[in-house]
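Accompanying notes for the structure given below.
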Amino acid sequence: MKICLVTAFPPSQQGLNEYAFHIARELRQTPGLSLTVLADDLPPNRAELDGFSVVRCWSFNKLSNPWRLLKQIHRLKPDVVWFNLGFASFGDRALPAFLGIILPALTRAAGYDTHVTLHQLMETVDLKDAGVRSPLAYKVGGFLATQIVLSANSVAVMLPAYRNILRDKYRRGTIFVRHHGSLFGRPEYPDFSRRANPDHRILAFGKWGTYKRLELLLASFESVSGRFPRAQLVIGGTDHPKAPGYLQSVERAHRDHPRIKFLGYVAEDEIPALLQSTSIMVMPYSSSAGSSGIAHLAGAYGLPIVASDIPDCRQLVDEEGLAIEFYQPGNAASLADTLVDLLEKPDRQVEMALQNVSAALRTSMPEIVRQYVRTFDRQHELGMLKSLARIRNLPRWLPLRSWYAQRATRRLRRISWETQLLNSDYELTAVELQAQTALRSIAADNPGSPQ
């Protein structure tokens, strides 16, 4: 199977590039797959990562993205085009973002199997936190954009509640739930000897300035450091694209604090050492824009998590079994109390660490990618079955009818499609059942066709 993955990709630092790297790494290791990453442009003199086939063919906030991407897709002629998307993946201005979000529909209209991993929904975004100036226009545009995204062959979301919203509100499209997955192929057993040695490191990580802000955490840490002198606050990450300069201003105000450290951007190969020496991951969010990659990163290294008590974080506990201690949103005293309580309970830290690494093992990236590939393969086969259903309506005397049937069955014989469909958890629709009947009928009419 030939796959084109459309996404931001390292060494780019645009949104979702880290997630794309882990997807691509697993796809590259999957037998029988050929992967090309259709990625965003890089500044001059930036080297590509070794071992990946990458075509740089779009840019953030550029109006030419649809033409450039479709040109490359047509040149490569993949079996599957997979979009790794948020609503602002192609731009933070209205027109470039909208032109980017309609690309899955354009790709499917061009005749390619098109699948989307959608990391956020417009309906779950806190407009105030996101800095939206025209909420009504945002909601109308978001509704239209979501309708267009659902034109893809399938859309995967990461929380069951998101699927319910799409089904109840839009009532169209093929929608799956695919867990975010741990961002490392093999979750690592926590090395407890490196934690609290000598300090308890509290780590906050992300893109800061919108719904992820540091004021509450910094205010609460003053109380934490007074009550627990061995605590150290470590802040990693960069500015959110909509909040340039935010992190620099925060760092400037706290650079002299002896127990607070700002790391800036953390390279991929530096993450394991950082997380293995951390005691607690804290997520000081005022709202959420999707399933948290930071929570899954913490799970992969067996970190206890402290998070704001918001619905998306609650779902990580209910749906994926992560161990999270919650504090009251917007309440610095509640956050400080939760952190100190956990710091004073080493047994609870170990219990949460083991629970989180166990949850990470159940949703490892190899397993998540395997589920995606299985879906792509099924839908590719179903597309051929539907073509066979249309062949059934051709007159029997037409010579091409037999040729089409033989050609289609040759393409299908590489797997036992009927066994896969009937013995899986995939729900057959009336059209798919009709396609099965059509294939049996054509096979009966053409006994010489390969089976």
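No value in this document is a laboratory result; all are computed from the given coordinates. The model shown is predicted, which means the values in this text are computed figures rather than measured ones. Neighbour counts are summed over all protein chains in view; Cβ atoms, including those assigned to glycine, are modelled from backbone coordinates with ideal geometry.
Applying 0.36 nm per residue to the separation of GLN248 and ARG28 and subtracting their alpha-carbon distance, the gain on full extension is 75.5 nm. What whole-number distance in Å separates the alpha-carbon centres of region 281-325 and region 137-156? Answer, in whole Å: 26.
With the cut-off at under 13 Å, measuring from each backbone N in region 25-68 to a point 7 Å along the Cα-to-Cβ line of ALA110 picks out 38-39, 57-58, 65-68. In summary, the lysines within cross-link reach of LYS77, defined as a Cα separation below 30 angstrom excluding same-chain residues under 8 places away, comprise LYS2, LYS62, LYS386. Each part gets one Cα centre, and for region 1-18 versus region 189-207 those centres are 29 Å apart. Given 20 °C and 1.002 mPa s, how large is the Stokes-Einstein diffusion coefficient of region 192-362 in µm²/s, with Rh as the Kirkwood radius over Cα pairs? D = 135 µm²/s. The order of LEU274, LEU85, going from fewest to most other C-beta atoms within 10 Å of their C-beta, is LEU274, LEU85. Counted residue by residue at 0.36 nm each, then reduced by the alpha carbon distance between them, the extension gain from ARG348 to ARG227 reaches 41.7 nm.
Given R0 = 30 Å, the distance between the Cβ atoms of ALA47 and GLU270 translates into a calculated FRET efficiency of 0.95. Give the residue list of trypsin sites (Lys or Arg not before Pro) in region 1-91 that are DSSP loop and have at most 13 other beta-carbon atoms within 10 angstrom. Listed in order of number, the matching sites are ARG46. For the pair ASP191 and TRP67 in one chain, pulling the backbone fully straight at 0.36 nm per residue adds 39.7 nm over the alpha carbon distance. In order along region 219-236, the phi-based Karplus estimate (6.51 cos²θ - 1.76 cosθ + 1.60, θ = phi - 60°) of 3J(HN,Hα) comes to 5, 6, 5, 4, 6, 4, 5, x, 8, 9, x, 8, 7, 10, 9, 10, 10, x Hz; Gly and Pro are listed as x.
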